[in-house]
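Data block below; observations after.
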Amino acid sequence: MFTNILCKYLILLYAQPKKMILTPKFEWEDKLGKQFLFLEKQVKLIEEAQQEVSIDFSTLNFIPPFVSVFLSAYLSEKKNITIIENSNNPYHKSVYFPHSLELSYDLNWKKTLNSYSSKTYLPLIKFKNKKTEFEDKFKDEIIAQCNSIFGLITKIPANYLSGLKYMISEIIDNIEHSKSENSWISYQYYPSKKYIDICIADAGCGLLASYKNYNGNRDFSKIKTDSDAIEAVILGNTTKVGQEKERGFGIYTSRQMIIDGLKGTFLMLSGNSLLRNNDIVETNVFFKGTLVHLRIPTEKFETNFNLYSFVEK
């Protein structure tokens, strides 16, 4: 009898699906294409796993904005994944990866952000998309404080900072309509490389679903793929009901501003399609929401850059 019980126990033990442990290794790489290939590899491993997955981020000693924001938004939708962290890693504690810093409206939230004034980055921040007027106002205060601190960190000229503030505001305003509960933002300055990276994302329905679910007077029936949706967005075609004439050019203007005005790089990822400046390609990654990444060179500032030459076109 004991033998039969032991056999049944061993059968049950070995029949249980074993948890898959992933240990991503990210070597420093400033090329955004290489960063995306790293993310593509991680997503493939996760999506093809036949069992529960644990991801051990403890060996990552540097996480650039594109990687941190993508993974945080992507993993927020995965319920069968366990995150293994290194609680002793000071960099992880400082950058708040992968769970993000969620600020509460108390006396210390500005002090928390101001503590990054002497660094070259701000923490990975998660904020709630507006549900109440108070949450919306608090989110605006957080972004304004981040922008001010980042201006001090980078010492970029006032005309650049104005453009940066405009782009971040417009991008956040557009992704707020994605039906995502949260959004993420990350800032990083590379003094030796002479550029700034800023990444913003949500985990909402994505651009294509926004067009498919549109109930207004405009005809978006020709938008059938994620690539179609990205192209429509960068042309200024909005799905915001009642704002067809007044709004919708935020992403369009931001893209032109960073490419033509600041001589930088504009990335947008939604669904399985990725935009890099003027080129749209299909990828092997499906990102449920929308991600926008800005790379702004700081080696030579364009002294004649003027925000209003793009906004008022």
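The values are calculated or read from the model by the stated rules, or taken from the named source; none is laboratory data. As the structure is a prediction and not an experimental result, all values here were calculated from the model. Here the Cβ is made from the backbone with ideal geometry for all residues, glycine too, and neighbour counts use every protein chain on show.
Of all the numbered requirements in (1) part of a helix (DSSP H, G or I); (2) touching a residue at least 24 places away in the same chain (Cβ under 8 Å); (3) under 19 Å from the mean Cα position of the chain (by Cα), Y252 misses one, and that requirement is (2). Please go through the range 166-175 and pick out each residue that is closer than 28 Å to E302 by Cα and crowded, with 18+ Cβ neighbours inside 10 Å. Hits for the range 166-175 are Y166, M167, I168, E170, I171, I172, N174.
Among residues of the range 10-34 that are more than 30 Å from L267 (Cβ to Cβ) and at pLDDT below 90, none has a beta-carbon under 6 Å from a residue that is β-branched (V, I, T) and in a helix (DSSP H, G or I) at least six positions away or on a different chain. Report whether or not Y121 is farther than 30 Å from D56 by Cβ and touching a residue at least 40 places away in the same chain (Cβ under 8 Å). It is false that Y121 is farther than 30 Å from D56 by Cβ and touching a residue at least 40 places away in the same chain (Cβ under 8 Å). Here S54 meets the list (1) surrounded by 12 or more Cβ atoms within 10 Å (Cβ to Cβ); (2) assigned to a helix (DSSP H, G or I) almost entirely, failing just condition (2).
Residue-level check: of (1) assigned to a helix (DSSP H, G or I); (2) under 18 Å from I125 (Cα atoms), F62 misses just (1). Return the residues of the range 113-134 that are among the hydrophobic types (A, V, I, L, M, F, W, C), out of contact with any Pro (no Cβ under 9 Å at 6 or more places or on another chain) and either part of a helix (DSSP H, G or I) or farther than 23 Å from G151 by Cα (or both); say none if nothing qualifies. If the condition is that a residue be among the hydrophobic types (A, V, I, L, M, F, W, C), out of contact with any Pro (no Cβ under 9 Å at 6 or more places or on another chain) and either part of a helix (DSSP H, G or I) or farther than 23 Å from G151 by Cα (or both), then F134 is the only one that fits.
For K137, are the conditions met, namely being farther than 22 Å from Q42 by Cα, part of a helix (DSSP H, G or I) and basic (K, R)? So K137 fits the description; yes. Just a yes or no: is a residue in the range 115-130 touching a His at 6+ places or on another chain (Cβ under 9 Å), surrounded by fewer than 21 Cβ atoms within 10 Å (Cβ to Cβ), of a type outside the set (K, R) and under 22 Å from S254 (Cα atoms)? The answer is yes; a qualifying residue exists.
Residue count for the range 55-97 satisfying the condition of being over 27 Å from G271 (Cα atoms) and charged (D, E, K, R): 2. Scanning the range 153-163 for residues that are assigned to a helix (DSSP H, G or I) and under 23 Å from K111 (Cα atoms) turns up I153, T154, L161. Among the conditions (1) within 20 Å of the chain's Cα centre (by Cα); (2) modelled with pLDDT of 95 or more; (3) surrounded by fewer than 23 Cβ atoms within 10 Å (Cβ to Cβ); (4) assigned to a helix (DSSP H, G or I), the only one that F150 does not satisfy is (3). Scanning the range 176-229 for residues that are aliphatic (A, V, I, L, M), in contact (Cβ under 8 Å) with a residue 24 or more places away in the chain and either crowded, with 24+ Cβ neighbours inside 10 Å or not in a helix (DSSP H, G or I) (or both) gives I185, I196, I198, I200, A201, A203, L207, A229.
Of the residues making up the range 132-147, those that are within 19 Å of the chain's Cα centre (by Cα) and crowded, with 17+ Cβ neighbours inside 10 Å are K139, I142, I143, Q145, C146, N147.
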